[in-house]
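The values are calculated or read from the model by the stated rules, or taken from the named source; none is laboratory data. Since this is a predicted model, take the numbers as computed values, not measurements. Positions of Cβ are generated from backbone atoms using ideal geometry, with glycine treated the same way; all protein chains shown enter the neighbour counts.
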Amino acid sequence: MSARAAVTDTGPELGEGAGGDPRPRASAAAEPEPRESQVTELGLAFRRVFRSLSRLRGRDTHLAGGELSHAQFELLIELHERGELSAGELAGAARLSPGTVTQMLDHLAECGHVERVRSQTDRRVVVSRLTPQGLSKIEAKRAAWKSRWDEALEGLEIGELRAATRVLERLGAMVEDAPLQGDCGASDQAPATPAQAVKN
């Protein structure tokens with residue numbers, strides 16, 4: 001028997017209060033609307049993912065000298081998908097400062113994952129490109145994650161995956177458009193991160 005049914009069955013009928021009072025009894029607590037409840041659940045799940053990604057990036061500070069950080073691996077992905085890029089172009093794609101990207105490229109070049117050459121279209125510009133070793137690094141990393149990815153999504157229908165894709169795209173756009181912390185135009189009460197907007 002549901003909680004709502006239990007309340008109905010253990011007292012006077014609706015429209016008749018205790019002692020025959022015709023006024024209806026107030027419910028103990030209003031139940032949240034189904035959509036509101038589901039949006040809250042989605043927000044909590046997003047918050048857990050957000051925290052997991054933050055922990056993943058935090059592990060980068062404890063890597064051994066020859067290991068690649070999450071951010072460095074993202075640079076390799078950009079070079080693999082877009083071809084030769086300058087440090088400035090990589091910085092824009094990765095949303096990092098040019099100085100940070102230059103340091104990361106120094107490490108990747110020392111490891112043999114990228115090489116720096118003069119651009120064929122503008123000899124004044126130095127670009128970075130992926131080496132065969134860097135490509136092997138990407139393929140190995142992707143293979144390691146693919147099995148975990150497939151296992152996590154096992155049993156989901158294609159419609160569910162499409163719906164999840166649409167939701168993630170909207171959340172991604174929301175994060176991109178979020179005001180910067182300390183922005184004079186932002187409210188003082190605004191959360192520091194989108195994930196903090198969701199209550200525990």
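Checking 73, 50 one by one, the residue that is part of a helix (DSSP H, G or I), under 23 Å from the mean Cα position of the chain (by Cα), at pLDDT 85 or above and hydrophobic (A, V, I, L, M, F, W, C) is 73 and no other. Of all the listed residues (161, 180), the sole one being at pLDDT 85 or above and either closer than 16 Å to residue 49 by Cβ or among the aliphatic types (A, V, I, L, M) (or both) is 161.
Of the residues making up the stretch 120-153, those that are in a helix (DSSP H, G or I), among the polar types (S, T, N, Q) and over 21 Å from the mean Cα position of the chain (by Cα) are 133, 136.
Could you list, in sequence order, the residues of the stretch 109-119 that are of a type in the set (D, E, K, R) and assigned to a helix (DSSP H, G or I)?
Of all residues in the stretch 109-119, those of a type in the set (D, E, K, R) come to 110, 115-116, 118.
Passing the criteria: only 110.
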